[in-house]
Amino acid sequence: MTLGLTTLPAHAAHQVSPKGRLRAGIEHVRSDPLLRNLLSLQGVGYVFFTISTPVEVVFAEHTLRVGADGYGAIVAAWGGGAVLGSLIYARWARADARILMTGGAVAIAAGLGVLAVAPGLVVALVGAALAGIANGMLSTAFMTETQDRTPRDWMALVTTLMQSIRQISPGLGILIGGVLASAGSSRLAFAFAGVGCLLFAIATFVVLSPRRLAAGAARRAEQLAVDDIGAPAAHGSPLGPPSPIASADGVRSPSSEMTIGG
């Protein structure tokens, strides 16, 4: 619904009806391999990042038996770590985003692993703080890279799409966490989430590879060329020609140099 009310870029607003705004946003994301991969990774990652959300109460009350105070300490350690993680990202924002994202996912997996085997509250707090720091850094990195990659005219649509993903995926993660905690134990849920985050880290490193992104951009350019040849301009896509991908330095096409380093 929000996407349907969001304003389109001026060059496309007169060509697309309100019902086509969602399709316009998705088509723009599909036209840029890096942007597409960033949003797809967030959709998958936030499932694993939020599996622990419904588990923490059970973990504190029934596994560690530390009561409400212990639960509050675990939540505070995670939340405080997330704030610290965003500050850490701000310090290292110019580093290779691919490495930061991969390392952040590995650190979340490590924190969840510590929680899965924690014998007491002190160790659990260490795991929660580690996972929180990594979570804050990774979340900020994904949002920053997505916004940096998005041209100003498309910012509202792409940001809305990103926020929609960040609202939908946690619902699935919370559901999975609740099922695992009910069917097995809170430790099983933490372990499952940790393994998922580790696999996510591997996927991030592979999917954001400059070589893979360049190959995707080339395939997309070839497809657009075929579409342009096969369809008259008057009967082409309702979106018109794909908009160029803007950067702080000017304008570039989807096949130009990516912002994720090697």
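Hey, does the range 143-153 have a residue that's assigned to a helix (DSSP H, G or I), hydrophobic (A, V, I, L, M, F, W, C) and crowded, with 19+ Cβ neighbours inside 10 Å? Among the residues of the range 143-153, not one is assigned to a helix (DSSP H, G or I), hydrophobic (A, V, I, L, M, F, W, C) and crowded, with 19+ Cβ neighbours inside 10 Å, which makes the answer no. Residue-level analysis places residue 58 among those that are surrounded by fewer than 22 Cβ atoms within 10 Å (Cβ to Cβ) and within 18 Å of residue 114 (Cα to Cα). Of all the residues in the range 71-85, those that are surrounded by fewer than 20 Cβ atoms within 10 Å (Cβ to Cβ) and touching a Gly at 6+ places or on another chain (Cβ under 7 Å) number 4. Just checking, does the range 104-121 include any residue being over 27 Å from residue 54 (Cβ atoms) and of a type in the set (Val, Ile, Thr)? Checked the range 104-121: no residue is over 27 Å from residue 54 (Cβ atoms) and of a type in the set (Val, Ile, Thr). Within the range 90-99, at least one residue is surrounded by 21 or more Cβ atoms within 10 Å (Cβ to Cβ) and of a type outside the set (Ser, Thr, Tyr). What about residue 65, is it more than 24 Å from residue 181 (Cβ to Cβ) and not in a helix (DSSP H, G or I)? In short, no. One residue alone among 105, 110 is touching a residue at least 40 places away in the same chain (Cβ under 8 Å), surrounded by fewer than 20 Cβ atoms within 10 Å (Cβ to Cβ) and either outside any helix (DSSP H, G or I) or not charged (D, E, K, R) (or both), and that residue is 110.
Considering the range 60-109, the residues that are of a type in the set (Gly, Ala, Ser) and within 22 Å of residue 199 (Cα to Cα) include one that is modelled with the lowest pLDDT, namely 97.
Taking each residue of the range 60-78 that is in contact (Cβ under 8 Å) with a residue 12 or more places away in the chain and looking for partners that are charged (D, E, K, R) with beta-carbon atoms closer than 7 Å, six or more apart or interchain, yields 63/187; 71/56; 71/61; 74/56; 75/56.
The values are calculated or read from the model by the stated rules, or taken from the named source; none is laboratory data. As the structure is a prediction and not an experimental result, all values here were calculated from the model. Positions of Cβ are backbone-derived with ideal geometry, glycine not excepted, and every protein chain shown enters the neighbour counts.
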